[in-house]
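Input: a single structure, listed below in structure tokens.
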Amino acid sequence: MSTTGPRPPMSKAEYVYSVLLDEIRSSRIPGGTALRAGEVARRLGVSVTPVREALRRLEKDRLISYEAHHGATVVDLGGEAVAEYYGLRAVVEGLGARLAAARITADDLAWLRELHAAMADDAARGRHDRLGEQSRSFHLRIVDIGGPAFLGGHARSVRDNFPVPAEASLWLDETQVGLQLEAHEGILAALEAGDADTAERIMIDHVRQAGGYRAHHPAPPATDHSRGTRPVR
């Protein structure tokens with residue numbers, strides 16, 4: 001019998017933090033956007049105090065910065081950061097694929113094959129807006145298989161601290177979809193064969209190719225953020 005009690009209600013500061021974190025990570029609040037505590041408080045239906053607490057946490061996460069006369073601004077990461085991000089992802093996810101080749105089970109392969117088939121079907125039907133999140137699941141599942149103790153969590157941390165706007169997703173580019181799915185198929189074949197070298201190589205090349213695409217197709221410029229969210233009562 002579990003002795004775990006009910007989860008305590010989310011504090012207002014935690015609520016504000018979770019909403020802003022999700023909006024920043026999903027790029028609904030793009031890089032370069034100013035976050036004014038009073039405006040955020042009115043939008044979320046809370047006082048300024050929990051907003052300021054949430055902004056301090058986001059600053060520690062290095063997702064916002066403070067500038068004189070401007071206040072809090074969502075960090076806008078440039079070309080060097082893009083290269084570093086995809087380079088780090090290539091190393092981490094490549095290692096995850098290498099380790100997964102020795103640990104993957106039939107059930108793991110079946111799950112990945114099913115997801116891959118769903119992506120191919122969505123691509124064939126023109127549902128490209130669904131492919132980015134499915135690809136994230138595909139990659140992170142492989143890293144979780146290869147490195148369940150540390151690597152999976154590290155891969156998530158890397159991705160979460162560099163949000164890719166939905167509008168900048170390479171999965172919206174018709175010419176890229178086939179290349180990406182072909183790489184996924186190659187990774188799956190290598191994993192099924194237990195070929196660690198090939199799984200790692202294809203994963204690294206795959207992630208680097210995505211980085212090259214992103215370098216030539218930057219995210220759209222920041223816009224005013226006025227999206228409404230249900231307030232806390």
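Side notes on the structure shown:
- Given (1) open to solvent by less than 20 Å² (accessible area, probe 1.4 Å); (2) closer than 30 Å to Arg57 by Cα; (3) in a helix (DSSP H, G or I), number of the condition Ala190 does not satisfy: (2)
- Of all residues in the stretch 49-74, those satisfying the criterion of being assigned to a helix (DSSP H, G or I) and either surrounded by fewer than 15 Cβ atoms within 10 Å (Cβ to Cβ) or not β-branched (Val, Ile, Thr) (or both) are Thr49, Pro50, Arg52, Glu53, Ala54, Leu55, Arg56, Arg57, Leu58, Glu59, Lys60.
- Within the stretch 195-216, at least one residue is open to solvent by 40 Å² or more (accessible area, probe 1.4 Å), over 30 Å from Val16 (Cα atoms) and at pLDDT below 85.
- Top-ranked residue of the stretch 75-128 - restricted to ones that are in contact (Cβ under 8 Å) with a residue 40 or more places away in the chain and among the basic types (Lys, Arg), ranked as farthest from Gly212 (Cα to Cα): Arg103
- Selection status of Arg127, basic (Lys, Arg) and either touching a helix residue (DSSP H, G or I) at 6+ places or on another chain (Cβ under 8 Å) or modelled with pLDDT of 95 or more (or both): no
- Residue check, Arg42 open to solvent by 80 Å² or more (accessible area, probe 1.4 Å) and touching a residue at least 24 places away in the same chain (Cβ under 8 Å): no
- Filter result (of a type outside the set (Ser, Thr, Tyr) and surrounded by 19 or more Cβ atoms within 10 Å (Cβ to Cβ)) within the stretch 124-137: Leu131
- Selection within the stretch 138-163 - aliphatic (A, V, I, L, M) and either part of a helix (DSSP H, G or I) or crowded, with 16+ Cβ neighbours inside 10 Å (or both): Leu140, Ile142, Val143, Ile145, Leu151, Ala155, Val158
- Here the stretch 171-187 is the region considered, the condition is being more than 12 Å from Ala123 (Cα to Cα) and in contact with a Ser or Thr (Cβ under 9 Å, 6 or more places away or on another chain), and the residue that is surrounded by the most Cβ atoms within 10 Å (Cβ to Cβ) is Ile187.
- Condition check for Ala118: touching a helix residue (DSSP H, G or I) at 6+ places or on another chain (Cβ under 6 Å) and part of a helix (DSSP H, G or I): no
- Of all residues making up the stretch 87-114, the number that are buried (at least 22 other Cβ atoms within 10 Å of the Cβ) and farther than 17 Å from Glu200 by Cβ: 0
- Top-ranked residue of the stretch 24-38 - restricted to ones that are part of a helix (DSSP H, G or I) and surrounded by 14 or more Cβ atoms within 10 Å (Cβ to Cβ), ranked as farthest from the chain's Cα centre (by Cα): Ala37
- Meets criteria (out of contact with any helix residue (DSSP H, G or I) (no Cβ under 9 Å at 6 or more places or on another chain), open to solvent by less than 80 Å² (accessible area, probe 1.4 Å) and modelled with pLDDT under 95) for Gly78: yes
- Every residue from the stretch 121-136 that is farther than 14 Å from Ser169 by Cβ and part of a helix (DSSP H, G or I): Asp121, Ala124
The values are calculated or read from the model by the stated rules, or taken from the named source; none is laboratory data. Small disclaimer: the values here were computed from a predicted structure and weren't measured. Cβ coordinates were reconstructed from backbone atoms using ideal geometry, including for glycine residues, and neighbour counts include every protein chain displayed. Please note that ligands, DNA and RNA were not included when accessible areas were found on the heavy atoms of the full protein model with its side chains. Shrake-Rupley method; radii C 1.70, N 1.55, O 1.52, S 1.80 Å.
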